[in-house]
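A.B. asks: Right, I'll just put the structure down here and ask away after.
Every number in this text was worked out from the coordinates using simple rules, so none of it is lab data. Keep in mind the model is a prediction, meaning the values are calculated, not measured. Cβ sites come from the backbone with ideal geometry, for glycine too, and all protein chains shown count toward neighbours.
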Amino acid sequence: VLDLTGSAVSQNVAGDYWEGRELKSGVTTDPREFVPDRWRLVPLGPAQIYLTTANGVADFQGWAGRSWDPAFAGRYELLTGRVPRGSDEIMVSPAALAHLGARVGDTVASGDGSTGYHVVGTMRDLMLPTSSEQVFGGASAFPLTHDDPQNSSWYLAGPPVDSVDMAGADLA
């Protein structure tokens, strides 16, 4: 995981990093600027999502980004339906679906009623109990969470990273 949440980051060849250190002038913390083309970067970030249920408004743990990407095989599992294709589509865990009082194919409203999300499938995080209530959407599905290096953890999908690969990254 290359986690750039918060502030300027300094990283050594071994892969250690420290928050809060000044970077050289012109050096970016955006991982897309220094990762070789042979790898894919897959951003995934947490978001708190308020959705309207049959009994009021509830707070759900959300994940913004492509949690269904093959890079996460073994962590997330698509159970029914399909993956989101737009910012108005979501997948939910079975427990969240029950809490919402919804079915795949239904539309659920944000807590303030300003946004409708079409439920296109169910997915679960295999590291959490089946009772976990989660919502999964693309990078731009939820407010305040964007495809931004400061708001996401970036996962590297591709061949192993070695010191030769990182030698060209001017991070200190």
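A.B. asks: Show the residues, 5+ positions off or on another chain, whose built amide H is closer than 5 Å to the amide H of TYR76.
C.D. replies: LEU126
A.B. asks: OK, next. Between THR130 and ALA58, what's the calculated FRET efficiency when r is the beta-carbon distance and R0 is 22 Å? Round to 0.05.
C.D. replies: For THR130 and ALA58, the calculated efficiency is 0.80.
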